[in-house]
Amino acid sequence: APPPITYGDAVGPYQGSAFWCRDSAPGRRGWTYSSPPGRPESVANQFAPTSDDDPTQKQIIFDYTLWLITTKTAFQADGQNPDTFVYNPIMYTTGTSNPFSAVAGQEGIYYQASDGIRMINRAGSILPGFEAMNTIERGQASENVSPFTATIADYCRNEIIFSDGTQSFGLQCGSEGYAWR
């Protein structure tokens, strides 16, 4: 059972399996899928953590755990695939409509949320370095910098690089907190 072409995201291996999400098929937009352990070329299991009203966007492995970000919230996977596997919602998180902006760093998972750049981890969800970027993340120009919404991100040398295709910013976590560059 190979993965259908409607799956838009893949991650793995996690617990010996490949995982898929961002299914574009109607009625399946809130679903995730996994392969049998050791057989990443085939789909065996399906999970419905949300519905078409809250489509899945990105799955990421961080801190040896599988995480799922939807358009409205985030989830942390728990259990053993497939028998006891569940997605637990993370309280007070916001989702994303920009799946390519989600990336794992050393401290957590960073992504462009509706209210700014967010970081989630086992401790919760924060807006890192928000004071320095809040004006442009809220759609206003500041000091010759245009409004910014990240569409893509990557991790490099203990820094998360966010870009909208025109301008890029780096977020670095140091001993004094988060700093934008």
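The values are calculated or read from the model by the stated rules, or taken from the named source; none is laboratory data. Source: prediction; values computed, not measured. Note: ideal-geometry Cβ built from the backbone for every residue, glycine included; neighbour counts use all protein chains shown. Heavy atoms of the whole protein, side chains included, go into the accessibility calculation; ligands, DNA and RNA do not. Shrake-Rupley method; radii C 1.70, N 1.55, O 1.52, S 1.80 Å.
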Exercise. Could you tell me which numbered condition Val43 fails, if it satisfies all but one of (1) touching a Pro at 6+ places or on another chain (Cβ under 9 Å); (2) under 29 Å from Trp180 (Cα atoms)?
Key: (2)
Exercise. Determine the pairs where a residue that is within 19 Å of Asp63 (Cβ to Cβ), located within the range 1-13, has a partner that is of a type outside the set (A, V, I, L, M) and open to solvent by 70 Å² or more (accessible area, probe 1.4 Å) with Cβ atoms under 8 Å apart, the partner being 6 or more residues away or on another chain.
Key: Gly12/Pro40; Pro13/Pro40
Quiz item: If we keep just the residues of the range 124-160 that are of a type in the set (Gly, Ala, Ser), at negative phi and in contact (Cβ under 8 Å) with a residue 12 or more places away in the chain, which is most open to solvent (accessible area, probe 1.4 Å)?
Solution: Ala132
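In the range 147-165, which residues are touching a helix residue (DSSP H, G or I) at 6+ places or on another chain (Cβ under 7 Å) and modelled with pLDDT under 90?
Matches in the range 147-165: Pro147, Phe148.
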Self-check item: Residues (within 27 Å of Ala153 (Cβ to Cβ) and either open to solvent by less than 50 Å² (accessible area, probe 1.4 Å) or in contact (Cβ under 8 Å) with a residue 40 or more places away in the chain (or both)) located in the range 26-55
Solution: Gly30, Thr32, Tyr33, Ser34, Ser35, Phe47, Pro49, Thr50, Asp54, Pro55
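Hey, among Ser24, Ser42, Ser35, Ser17, which residue is more than 17 Å from the chain's Cα centre (by Cα) and closer than 14 Å to Ile61 by Cα?
Working: Ser24 fails: closer than 14 Å to Ile61 by Cα; Ser42 fails: closer than 14 Å to Ile61 by Cα; Ser35 fails: closer than 14 Å to Ile61 by Cα.
None of the other options fit; the residue is Ser17.
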Practice problem: Could you list all residues from the range 56-84 that are open to solvent by 30 Å² or more (accessible area, probe 1.4 Å) and in a loop (DSSP other than H, G, I, E, B)? | Solution: Asp63, Tyr64, Thr71, Lys72, Gln80, Pro82, Asp83, Thr84
Self-check item: Lone unmet requirement of (1) surrounded by fewer than 20 Cβ atoms within 10 Å (Cβ to Cβ); (2) in contact with a Pro (Cβ under 7 Å, 6 or more places away or on another chain); (3) not in a loop (DSSP other than H, G, I, E, B) for Met119
Solution: (1)
